[in-house]
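The values are calculated or read from the model by the stated rules, or taken from the named source; none is laboratory data. A quick note: this is a predicted structure, and the numbers were derived from the prediction, not measured. Methodologically, a virtual Cβ is constructed for each residue, glycine included, from the backbone with ideal geometry; neighbour enumeration extends over all protein chains shown.
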Amino acid sequence: MKHLGIFGSTGSIGTQTLEIVRDFPEELSVEVLTARKNVTLLENQVREFRPKLVCLYDEAAAEDLKVRIADLTGVRIVTGMDGLLTCAAYEGYDTMVAAMVGMIGILPTIHAIRAHKTIALANKETLVTAGHIIMPMLKEYGVSLYPVDSEHSAIFQSLQGLRYEGGVSEGHPAIRKILLTASGGPFRGRTLSEMQHYQVEDALRHPNWSMGQKITIDSATLVNKGLEMMEARWLFGVEPEQIEVYVHPESILHSAVEFVDGAVIGQMGMPDMKLPIQYALFYPERRRMVTKPLDLFTIGALHFEKPDTVNFPAFSLASKVMKAGGTLPTVYNAANEYAVARFLKREICFTAIGELIEKAVANHRNIIAPTLEEVLMAEQETYAFLQGCGD
Ligand code: NAD
Ligand code: MG
């Protein structure tokens, strides 16, 4: 039996994880649930899955939940960052599903590693900004981390069978290149001047995947692929130059690895996040999954294009930021989180997201090999800078 702590249980990844728990009640139990403030959904989840510990980050929502589930015994409710950290360190679970969105995930993930929890990681922002801290910690604490992001799961699946001396994150001399695929998002083939006029609804209309709002906007700007390059770099111990992005509009090949002998091994399947979540939960085993089978006859052809670096400037910037490292990935990520939140509130136009990221990155004095405090400081400074700009 695996005892799960699902951090971000009310989101897209969190709710799909709970669907898998429903499919395997003999093998998976839920001990911890956390969310920001969706009290209604969390109440339903608590009633169904009966975790021992629950956190609502928002204090008023946590108070509300206490009243709503006063009839239940044996459920403790905590709140705020302290509450999230209490959950992360709680002894009653063994596997953290890190499915919260944004840099808020860093500290809980670090606390879970310190408490020797296995990590199933969807929360890419944590690795993008603190990968240089997290990856050595995994080794120090003897903790396993399995990717949930579909591309990274595909890469991880493609690496099975390689004999590793250290962990996967140490890299392997047999890997020549990682082929990271991207759908291209809803605005593939469009120009920047066309994109200027696109509204929130247009950007949320992803062609192949149904996901949370923030990552859906990130897919439209291609920032998501920029973040995923940085995520891959840490997860698989490769150099930035070894990662190549392929726009693949069908989203059938979820990513691949080219080996030094020229062999390319990839993972294909219908776009469905339940597969990578389930793989991370049961690794190295595979479990039955009720899914639409991949029918290559119906799909007919798979297409691959180079990413459009002219009309997706935030994507080109990501390569430079990844190579520079230090606190720049944090600034890139924090500026994006800030800009996407404002775009979703309809305060800025779509193309302003890339412009704000560029502004923040240009303004920043990079700190190489930053401490955790410096990473969190760079996040705050980026927010303060962009607010101060009046943007
Ligand atoms: P979502 O917006 O649907 O859900 C986010 C979850 O995080 C919610 O439960 C929310 O309550 C919680 N959360 C947000 N802010 C919080 C805070 N301050 N404190 C505590 N909890 C907080 O997001 P999602 O699409 O499920 O994505 C989650 C993560 O997984 C992201 O990092 C995303 O990039 C990554 N990811 C998602 C998908 C996908 O298909 N949705 C695919 C690959 C990777
Ligand atoms: Mg992905």
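List of remarks:
- Candidates GLU59, GLU43, GLU48, filtered to the one that is away from ligand 1 (no atom under 12 Å from the Cβ), surrounded by fewer than 14 Cβ atoms within 10 Å (Cβ to Cβ) and of a type outside the set (S, T, N, Q): GLU48
- Within the stretch 302-329, the set of residues being of a type in the set (S, T, N, Q) and under 24 Å from GLU244 (Cβ atoms) comprises THR309, ASN311, SER316, SER319.
- Per the conditions (1) of a type outside the set (Lys, Arg); (2) more than 26 Å from THR382 (Cβ to Cβ); (3) crowded, with 17+ Cβ neighbours inside 10 Å, the sole criterion not satisfied by GLU140 is (3).
- Any hit, the stretch 19-34, residues being farther than 26 Å from ARG287 by Cα and of a type in the set (A, V, I, L, M, F, W, C): no
- Between THR86, THR95, THR109, THR79, the distinction of being under 14 Å from ALA35 (Cβ atoms) and of a type outside the set (A, V, I, L, M, F, W, C) belongs to THR79 only.
- Test: residue in the stretch 332-339 that is in a helix (DSSP H, G or I), among the polar types (S, T, N, Q), over 18 Å from TYR246 (Cβ atoms) and touching a residue at least 60 places away in the same chain (Cβ under 8 Å): yes
- Residue match in the stretch 104-116 (condition: within 14 Å of ligand 1 (Cβ to nearest atom) and at positive phi): no
Every residue, every condition in (1) among the β-branched types (Val, Ile, Thr); (2) within 16 Å of ligand 1 (Cβ to nearest atom); (3) within 19 Å of the chain's Cα centre (by Cα); (4) over 30 Å from MET96 (Cα atoms), yes or no:
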residue: SER255; (1), (2), (3), (4): no, yes, yes, no
residue: ASP295; (1), (2), (3), (4): no, no, no, yes
residue: ILE299; (1), (2), (3), (4): yes, no, no, yes
residue: ALA318; (1), (2), (3), (4): no, yes, yes, no
residue: MET322; (1), (2), (3), (4): no, no, yes, no
residue: GLY325; (1), (2), (3), (4): no, no, yes, no
residue: THR330; (1), (2), (3), (4): yes, yes, yes, no
residue: VAL340; (1), (2), (3), (4): yes, yes, yes, no
residue: LEU356; (1), (2), (3), (4): no, no, no, yes
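- Index of the failed condition, GLU151 passing every other in (1) modelled with pLDDT under 95; (2) in a helix (DSSP H, G or I): (1)
- Screening ILE348 with (1) away from ligand 1 (no atom under 16 Å from the Cβ); (2) under 30 Å from LEU28 (Cβ atoms); (3) assigned to a loop (DSSP other than H, G, I, E, B); (4) of a type outside the set (D, E, K, R) gives one miss only, at (2).
- Just one of the listed residues (TYR164, TYR246, TYR198) is more than 22 Å from GLN16 (Cβ to Cβ), within 16 Å of ligand 2 (Cβ to nearest atom) and out of contact with any helix residue (DSSP H, G or I) (no Cβ under 6 Å at 6 or more places or on another chain), namely TYR246.
- Number of positions in the stretch 22-41 that are among the hydrophobic types (A, V, I, L, M, F, W, C) and over 20 Å from the mean Cα position of the chain (by Cα): 5
- Test for SER210: is it within 19 Å of the chain's Cα centre (by Cα) and within 16 Å of ligand 2 (Cβ to nearest atom): yes
- The stretch 133-148, subset outside any helix (DSSP H, G or I), of a type outside the set (Gly, Ala, Ser) and under 13 Å from HIS116 (Cβ atoms), residue farthest from ligand 1 (Cβ to nearest atom): VAL143
- VAL101 passes every criterion in (1) among the aliphatic types (A, V, I, L, M); (2) within 16 Å of ligand 2 (Cβ to nearest atom); (3) in contact with a Pro (Cβ under 6 Å, 6 or more places away or on another chain) apart from (3).
- Test: GLU228 is crowded, with 22+ Cβ neighbours inside 10 Å and in contact (Cβ under 8 Å) with a residue 60 or more places away in the chain: yes
- Condition check for MET96 on (1) within 16 Å of ligand 2 (Cβ to nearest atom); (2) crowded, with 24+ Cβ neighbours inside 10 Å; (3) outside any helix (DSSP H, G or I): one failure, at (1).
- Residue count, the stretch 122-132 (criterion: surrounded by 24 or more Cβ atoms within 10 Å (Cβ to Cβ) and either more than 14 Å from ligand 2 (Cβ to nearest atom) or not in a helix (DSSP H, G or I) (or both)): 5
- Screening GLY131 with (1) farther than 21 Å from ILE20 by Cβ; (2) over 18 Å from the mean Cα position of the chain (by Cα); (3) touching a residue at least 24 places away in the same chain (Cβ under 8 Å) gives one miss only, at (2).
- Test: residue in the stretch 322-336 that is farther than 23 Å from ALA220 by Cα, in contact with a Pro (Cβ under 7 Å, 6 or more places away or on another chain) and small (Gly, Ala, Ser): yes
- Hey, SER183 of a type in the set (S, T, N, Q), within 16 Å of ligand 1 (Cβ to nearest atom) and touching a strand residue (DSSP E or B) at 6+ places or on another chain (Cβ under 7 Å) or not: no
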